[in-house]
Amino acid sequence: MTVLELRNVTKCYPSAEGVETLTILHNVNLTLGPGESLAVVGPSGSGKSTLLNLMGSLDRPTNGQVLLEGQDLTQIAEPELAALRNRRIGFVFQSHYLLPQCSVLENVLVPTLVCAETALRKTAEERARRWLDKVGLSERLAHRPAQLSGGERQRVAVVRALINEPRILLADEPTGALDTASAKAWATCCPVESGRKNHFSSGDACARIGGAHGTGDGIARGAGEGVGGRRDA
Ligand SMILES: Nc1ncnc2c1ncn2[C@@H]1O[C@H](COP(=O)(O)OP(=O)(O)OP(=O)(O)O)[C@@H](O)[C@H]1O
Ligand SMILES: [Mg+2]
């Protein structure tokens, strides 16, 4: 079964002058199956974050469909969409958006506060402590984000993204601020990539925006006419 599918997704913005249309994504088709990992690489401004936002229903396409386990997200209104995101999609943002006044442990637990599943909420703190320990942050539970290094903040963001055991994890340059060793640690907390299934079940998927700009454009696995900055007159 497909976890996530994009069908003929196009995203356009009006140009600043408003006289022409800037096409960022043009007829992108891709599928992400259970246990699959997908990396999207490309130059700055080519549309990677735009694509990830559409995959996670944070933005709506100009044309096309985004299906999560067969359900077309473009047809769902807020706040139902917000509840669906909270429960089934994990995000690691390019700039982590950790809450500055909250501790590491509290930041990780934020998505569980509005989670509708009682069983997941009840076990959240135990899970958070275990996974923070796994990514080497057991000595930093009470630290505020400002007291952490950039890589430590990214690790907190990853654990927060996984805390509600989502069906899909979307990560925008998750290892951009990490050294090689810490980037490898990302693999241990992203079991789809490492082949381990201790956080994700076998039915989950992962899409990741790579930090390797310029090493090749486009989508590493999947079909799409283009991720790029085409201009349509
Ligand atoms: N709201 C908007 N209105 C107009 N143009 C936009 C808007 N949002 C993004 N763009 C344009 O879309 C293009 C793709 O942006 P996006 O953030 O997806 O790039 P990216 O590949 O993630 O880049 P980076 O590697 O620098 O993060 C950019 O050229 C940007 O100027
Ligand atoms: Mg980006």
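The values are calculated or read from the model by the stated rules, or taken from the named source; none is laboratory data. All of these numbers come straight from a predicted model, not from anything done at the bench. Note that we place each Cβ from the backbone using ideal geometry, even for glycine, and neighbour counts take in every protein chain shown.
Here Gly45 clears all of (1) away from ligand 2 (no atom under 16 Å from the Cβ); (2) out of contact with any helix residue (DSSP H, G or I) (no Cβ under 9 Å at 6 or more places or on another chain); (3) touching a residue at least 60 places away in the same chain (Cβ under 8 Å) except the condition numbered (1).
Counting only residues that are touching a residue at least 60 places away in the same chain (Cβ under 8 Å) and under 24 Å from Leu68 (Cβ atoms), the stretch 10-32 holds 10 of them. Of all residues in the stretch 36-87, those being at pLDDT below 90, over 24 Å from Glu173 (Cα atoms) and part of a strand (DSSP E or B) number 0.
Counting just the residues of the stretch 8-18 that are within 10 Å of ligand 1 (Cβ to nearest atom) and more than 18 Å from Leu58 (Cα to Cα), which one comes out modelled with the highest pLDDT? Quick ask: steps written out before the conclusion?
Residues of the stretch 8-18 within 10 Å of ligand 1 (Cβ to nearest atom): 11-16.
Still in the list and also more than 18 Å from Leu58 (Cα to Cα): 14-16.
Details: Pro14: 86, Ser15: 83, Ala16: 81.
By that ranking, first place goes to Pro14.
Going residue by residue through the stretch 119-130, is there one that turns out to be β-branched (Val, Ile, Thr), more than 16 Å from ligand 1 (Cβ to nearest atom) and modelled with pLDDT of 95 or more? So far as the stretch 119-130 goes, no, none of its residues is β-branched (Val, Ile, Thr), more than 16 Å from ligand 1 (Cβ to nearest atom) and modelled with pLDDT of 95 or more. Residues that are part of a loop (DSSP other than H, G, I, E, B) and within 16 Å of ligand 2 (Cβ to nearest atom) within the stretch 88-109 comprise Phe93, Gln94, Ser95, His96, Tyr97, listed in sequence order.
Of the residues screened, Ser103 is not one that is over 21 Å from Val158 (Cβ atoms), in contact with a His (Cβ under 8 Å, 6 or more places away or on another chain), of a type outside the set (Phe, Trp, Tyr) and in contact (Cβ under 8 Å) with a residue 12 or more places away in the chain.
Residues in the stretch 77-96 that are surrounded by 15 or more Cβ atoms within 10 Å (Cβ to Cβ) and without any contact (Cβ under 8 Å) to a residue 60 or more places away in the chain: Leu81, Leu84, Arg85. Selection of the stretch 19-46 for residues being within 16 Å of ligand 1 (Cβ to nearest atom) and surrounded by 19 or more Cβ atoms within 10 Å (Cβ to Cβ) yields Thr23, Ile24, Leu25, His26, Val28, Leu30, Leu38, Val40, Val41, Gly42, Ser46. Taking the conditions (1) in a loop (DSSP other than H, G, I, E, B); (2) free of Cβ contacts under 8 Å to residues at least 24 places away in the same chain in turn, Glu139 satisfies each one other than (1). Of the residues examined, Val3 is one that is in contact with a Leu (Cβ under 7 Å, 6 or more places away or on another chain), more than 23 Å from Gln154 (Cα to Cα) and away from ligand 1 (no atom under 16 Å from the Cβ).
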